[in-house]
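Asks: First the structure, then my questions, so here it is.
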Amino acid sequence: MIYQSAQDWRDATQKKVLLFGMSGLGKTHISNALRASGDWFHYSVDYRIGTRYMGEHITDNAKREAMKVPFLRELLMSDSIYIGSNITFNNLAPLSTYLGKPGDAAKGGLPFAEYQRRQDQHTAAEIAALLDTKSFIDRAHDLYGYDHFVCDTGGSICEVVNPDDPSDPVLSLLANSTLMVWIKGNEAHTEELVRRFDRAPKPMCYQPEFLLAAWNEYLAETGDSEDKVDPDAFVRWTYARALAHRQPRYAAMAKQGITVSAEDVARVETDDDFVALISQTLEATT
């Protein structure tokens, strides 16, 4: 780890951390609190994906839908209107909408092959955005004068790396550049995330092998044909399985960093709270 002790962490003139774990456990909450202090640069991996690496895909998809409407088509063809993605740190809907859900087109679903293609695009974009972390650390310091840096990763980080391989090119770069911090939830958190997802299912990024196995199992269990699958039903069915699939992968990644509980993270309100939490965790684990 780049900080070998709590004292190293407290004395560091540049504090650099990377937060990872399931979506909904506090990564962006902490990142927003750190950014609000004025001393921390907030690098959102999902925002970078949605703007730098998938922005054209997202915009072209919106234009494709607009071209189906004669009134909008005429305006687009004459360059009379502009369609763009208004993605923000706290609103990633354009990205998740583009990823979509597989199943019945009448219910908003995508053909499974197209869904896989978009998943592959996201995987490549996520890897590229994660590899940009080191350059953004330097950019934040040299260009903007920020001493401290927080990398706010997406829940799918464990799907795009080999967590059991310390020499994985993405993991090794991240571990050599930041203190990797796993925000770990418990069974109650998992149950709440599943309930929350059930109320408002949203697209996710999955490891290709896991996704294909889940899709085939779902088709066999329901007897549905690919074009008759209810998209929301499939992503609900898959979500809890995805959380279970990700837990050991997060745990393997955490061997190159430290682990904090989601309960402790929920109590963080300021950058001083966060620095103290990391210091306490390092004291207990080093």
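The values are calculated or read from the model by the stated rules, or taken from the named source; none is laboratory data. Given the structure is predicted, the values throughout are model-derived calculations rather than measurements. Because the Cβ atoms are built from the backbone with ideal geometry, glycine has one as well, and the counts that use them run over all protein chains shown. The accessibility values were calculated without ligands, DNA or RNA, using every heavy atom of the protein model including side chains. Shrake-Rupley method; radii C 1.70, N 1.55, O 1.52, S 1.80 Å.
Asks: Share of the stretch 96-141's accessible area from carbon and sulfur, percent, 1.4 Å?
Replies: Working: 1100 of 1870 Å².
Reported share for carbon and sulfur atoms: 59 percent.
Asks: For R195 and R52, calculate 0.36 nm times their separation in residues minus their Cα-Cα distance, and state this gained length in nm to one decimal. If you can, show how the numbers build up before the last one.
Replies: Numbers: separation 143, 0.36 × 143 = 51.48 nm, distance 3.23 nm.
The span from R195 to R52 would gain 48.3 nm if fully extended.
Asks: Additional query: Arrange the peptides 214-222, 154-162 so that the one whose residues have, on average, the most other Cβ atoms within 10 Å appears first. Don't skip to the answer; put the middle values down first.
Replies: Details: 214-222: 14.2, 154-162: 22.1.
In descending order of packing, they fall as 154-162, 214-222.
Asks: Follow-up. Rounded to the nearest whole Å², what accessible area per residue is found for the stretch 24-275 with the 1.4 Å probe?
Replies: Working: 12110 Å² over 252 residues.
Solvent-accessible surface per residue comes out at 48 Å².
Asks: Just to confirm the number: angle between the C-alpha axis of helix 187-199 and the first principal axis of the chain, 0 to 90 degrees, nearest 10?
Replies: Compared with the principal axis, the helix lies near 30 degrees.
Asks: Lysine pairs in the chain with alpha-carbon atoms under 23 Å apart, 8 or more places apart or on different chains: how many are there?
Replies: 25
Asks: May I ask you to compute the full-extension gain from D120 to H141, defined as 0.36 nm times their residue separation minus their alpha-carbon distance, rounded to one decimal in nm?
Replies: Details: separation 21, 0.36 × 21 = 7.56 nm, distance 3.25 nm.
Contour length minus the Cα-Cα distance gives 4.3 nm.
Asks: For the stretch 168-286, what mean projected area does the convex hull of the alpha carbons give, in nm²?
Replies: Working: hull surface 38.0 nm².
Quarter of the Cα hull surface area: 9.5 nm².
Asks: Give me the distance between the Cα centres of the stretch 105-124 and the stretch 222-255, rounded to whole Å.
Replies: 15
Asks: Using a ≥ b ≥ c from the Cα gyration tensor of the stretch 62-162 (square roots of the eigenvalues), is it rounded, prolate or oblate, where a/c under 1.5 gives rounded and otherwise the larger of a/b and b/c decides, a/b for prolate?
Replies: On the way: a/c = 3.09, a/b = 1.51, b/c = 2.05.
Cα axes put the stretch 62-162 in the oblate bin.
Asks: Kindly state, to the nearest 0.05, the FRET efficiency for S37 paired with E187, given R0 = 25 Å and r defined as their beta-carbon distance. It would help to have the intermediate numbers written out before the result.
Replies: Working: r = 33 Å, r/R0 = 1.31.
According to the calculation, E is roughly 0.15.
Asks: If we count trypsin sites (Lys or Arg not before Pro) as exposed when they sit in a DSSP loop and have at most 15 other beta carbons within 10 Å, what is the longest stretch of the chain that avoids them all? Write out the running numbers ahead of the final one.
Replies: Numbers: sites that count: K68, R267.
Longest gap between qualifying sites, sites excluded: 69-266.
Asks: Percent of alpha carbon pairs in the stretch 24-275 separated by more than 25 Å? Working shown, then result.
Replies: Numbers: 15649 of 31626 pairs.
Beyond 25 Å sits 49 percent of the P(r) for the stretch 24-275.
Asks: From the phi angles alone, apply the Karplus equation (6.51, -1.76, 1.60; θ = phi - 60°) to the stretch 254-269 and give each ³J(HN,Hα) in whole Hz, x where the residue is Gly or Pro.
Replies: 5, 5, 9, x, 10, 10, 10, 8, 4, 4, 5, 4, 5, 8, 6, 10
Asks: Could I ask something else about it? Can you tell me the length gained on complete extension of the stretch S78 to E283, counting 0.36 nm per residue apart and subtracting the Cα distance? Display every interim value, and only then the final one.
Replies: Working: separation 205, 0.36 × 205 = 73.80 nm, distance 6.33 nm.
Using 0.36 nm per residue and subtracting the Cα-Cα distance, I get 67.5 nm.
Asks: Okay, moving on. Which sequence of D60, D152 reflects their accessible areas, 1.4 Å probe, from the largest down?
Replies: Working: D60 75, D152 10 Å².
Order by accessible area, largest first: D60, D152.
Asks: Taking 20 °C and 1.002 mPa s as the conditions, I'd like the Stokes-Einstein D for the stretch 97-154 in µm²/s, using the Kirkwood hydrodynamic radius from alpha carbon pairs.
Replies: 155
Asks: Here is a further query. For the pair K68/A244, report the inter-label distance in nm, with labels modelled 7 Å from Cα in the Cβ direction.
Replies: My value for the distance between the label points is 3.6 nm.
Asks: Using every Cα-Cα pair within the stretch 64-119, state what percent have a distance larger than 18 Å. Write down the numbers at each step before the final one.
Replies: Numbers: 805 of 1540 pairs.
So the pairs more than 18 Å apart make up 52 percent of the total in the stretch 64-119.
Asks: Right, another one. Hey, could you pull the Cα Rg and Dmax for the stretch 1-122, both in Å?
Replies: Cα radius of gyration and Dmax of the stretch 1-122 are 19.8, 65 Å respectively.
Asks: Moving on to the next point. Is it possible to state the helix-based mean residue ellipticity at 222 nm for the chain, with each DSSP H run of 4+ residues giving -39500 (n - 2.57), the sum divided by total residues, to the nearest 500 deg cm²/dmol? What is it?
Replies: Numbers: 14 runs with 157 residues, N = 286.
Mean residue ellipticity at 222 nm (helix-derived): -16500 deg cm²/dmol.
Asks: In addition: How many nm separate the modelled label positions at D224 and A106, each set 7 Å beyond the Cα in the direction of the Cβ?
Replies: Output for this residue pair reads 1.3 nm.
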